[in-house]
Protein chains: 2
Amino acid sequence: MKTTLYLEDLAPGQVYGGAGRTKVTAESIVAFARDFDPQDFHLGEERARRTAFKGLAASGWHTAALTMRLTVDSDFTPAGGILGAGVEQLSWPRPVRPGDELRVQTEVLEVRPSKSKPDQGIAKVRVTTLNQKNETVQEFVAVLVVPKRPR
Amino acid sequence: MKTTLYLEDLAPGQVYGGAGRTKVTAESIVAFARDFDPQDFHLGEERARRTAFKGLAASGWHTAALTMRLTVDSDFTPAGGILGAGVEQLSWPRPVRPGDELRVQTEVLEVRPSKSKPDQGIAKVRVTTLNQKNETVQEFVAVLVVPKRPR
């Protein structure tokens, strides 16, 4: 049973996560790339070997999409859903490779009530995606809209 | 026939685009959401009506993925591919709805040679995704690695 988190439940320094892991396969890397990012380094091991990646790597947008799924399935469960107004400083410090197993953690950085809307506020969270060696493969700061607890 | 763009070909103020359009269907919104962002506002018209979106809306990560596809298919064709080191200030100013038709444009903001790697440089570009009413549905600044022309 998941807890519904309201703005009042969030505080800087909290870290949310969960047991969720996603195994990234070569097939899923190529399937995503065919739909959304058809470039040599994402389309097959052989073609990728001659690129800057020196081998098959997941599209950064694939990593972002997998990260969203892991976050939705995690214990970070704001009321009304994970509703992003925007993202700051999205980076991919190292490639995601076939066989990698990803997990995410969400750290609350900042919480503030909205000035214009009395029933909600803004939470800034850092979402970090890690591989099985605990290396960061993606990181960003999301600005989320979070409802206050109904009175 | 597409031109291969080297660092020397890029200059601030250039705008790249192309004829590419993507029609977003309710089915594709729901299919992406089932895989990557299973939240009520992305999973079906009826469930979405009771959320902050007041109707079905595409996941922001779906818009980002469709934007990548449109960009790869556009006339913005850097040598070695579109290789993002990171993204700054990604925002979704309005939702993408079923029936929307998206296109992208890429504006060069800044070009500079790398200090450490003499054969490449960095280009900052603003990638804007527009709907059929010419409203911006997504915007971000990407930091790309672009090779210099071989001598």
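What are the radius of gyration and Dmax of the protein assembly as shown, computed over its Cα atoms and given in Å?
When restricted to Cα atoms, the protein assembly as shown yields Rg and Dmax of 19.3, 69 Å.
Let me know the mean shielding of A:25-36 by other chains, meaning the per-residue number of their Cβ atoms within 10 Å of its Cβ.
2
So, in nm, how far is label residue A:85 from label residue B:112 when the simple model puts each one 7 Å beyond its Cα toward the Cβ?
Modelled inter-label distance: 3.0 nm.
For chain B, how big is Rg over Rh, using alpha carbon atoms and the Kirkwood form of Rh?
Here the Rg-to-Rh quotient is 1.05.
Calculate the dipole size of the protein assembly as shown relative to its Cα centre from +1 charges on Lys and Arg beta carbons and -1 charges on Asp and Glu beta carbons; express the result in debye to the nearest 20.
300
Taking amide H positions as placed 1.01 Å from N in the peptide plane, with prolines and chain starts having none, which residues 5 or more places from residue B:100, or on another chain, fall under 5 Å of its amide H?
Under 5 Å from the amide H of residue B:100: B:24.
Taking amide hydrogens as modeled 1.01 Å from N in the peptide plane, which residues meet the under 5 Å criterion relative to residue B:137, leaving out close sequence neighbours?
B:129, B:130, B:131
I need the fraction of alpha carbon pairs in the stretch A:78-128 separated by more than 17 Å, rounded to a whole percent.
Taking all Cα-Cα pairs of the stretch A:78-128, the fraction more than 17 Å apart is 51 percent.
Taking the label point 7 Å from Cα in the Cβ direction, how far apart in nm is residue A:35 from each other copy of itself, listed shortest first?
Copy-to-copy label distances at residue A:35, shortest first: 0.2 nm.
Mind listing the label-point distances from residue A:75 to the same position on all other copies, shortest first, one decimal in nm, points 7 Å along Cα→Cβ?
Nearest to farthest, the other copies are at 5.4 nm.
Evaluate E = 1/(1 + (r/R0)^6) for residue B:26 and residue A:27, where r is the Cβ-Cβ distance and R0 equals 22 Å; express this FRET efficiency to the nearest 0.05.
About 0.25, to the nearest 0.05.
Mind listing the phi-derived Karplus ³J(HN,Hα) values for the stretch B:135-151, rounded to whole Hz, using 6.51, -1.76 and 1.60 with θ = phi - 60°, and x for any glycine or proline?
8, 6, 9, 7, 8, 7, 10, 9, 9, 10, 8, 10, x, 7, 5, x, 9
Can you run phi through the Karplus equation (6.51, -1.76, 1.60; θ = phi - 60°) for the stretch B:45-61 and list ³J(HN,Hα) in whole Hz, with x for Gly and Pro?
For the stretch B:45-61, the Karplus curve yields 4, 5, 5, 6, 5, 8, 10, 4, 7, 6, x, 4, 9, 6, 4, x, 6 Hz.
What number, rounded to the nearest 500 deg cm²/dmol, is the helix-based mean residue ellipticity at 222 nm of chain B, given -39500 (n - 2.57) per DSSP H run of at least four residues and division by all its residues?
Calculated from helices alone, the mean residue ellipticity at 222 nm is -6000 deg cm²/dmol.
How well do other chains shield peptide A:57-66, expressed as the mean number of their Cβ atoms within 10 Å of each residue Cβ?
5
For B:91, B:74, B:59, what ranking results if the residue with the fewest other Cβ atoms within 10 Å of its Cβ goes first?
B:91, B:74, B:59
What residue among A:71, A:28, B:144 has its Cα farthest toward the positive end of the dipole of the protein assembly as shown, where the charges are +1 on Lys, Arg and -1 on Asp, Glu, each on the Cβ?
Selected residue: B:144.
Pairs B:23/B:117; A:2/B:133; A:148/B:124; B:54/B:133; A:23/B:148; A:124/B:23: which are spaced more than 30 Å apart, C-alpha to C-alpha?
Distance filter (> 30 Å) returns B:23/B:117; A:2/B:133; A:148/B:124; A:23/B:148; A:124/B:23.
For the stretch A:1-86, what log10 I(q)/I(0) values come out of the Debye formula at q = 0.17, 0.21, 0.25 1/Å, with one point per alpha carbon and no solvent?
Log10 I(q)/I(0), no solvent term: -0.77, -0.94, -1.17.
Could you pull the copy-to-copy label distances for residue A:20, with points set 7 Å along Cα to Cβ, in nm to one decimal and sorted shortest first?
In ascending order, 2.8 nm.
For the stretch B:1-44, taking Cα atoms only, what is the radius of gyration to one decimal and the Dmax to the nearest whole Å?
Looking at the stretch B:1-44, its Cα Rg and Dmax stand at 18.0, 47 Å.
Coordinate-derived values only; no laboratory data. All values derive from a computational prediction rather than experimental measurement. With ideal geometry, Cβ positions are generated from the backbone for all residues, glycine too; neighbour counts draw on all protein chains shown.
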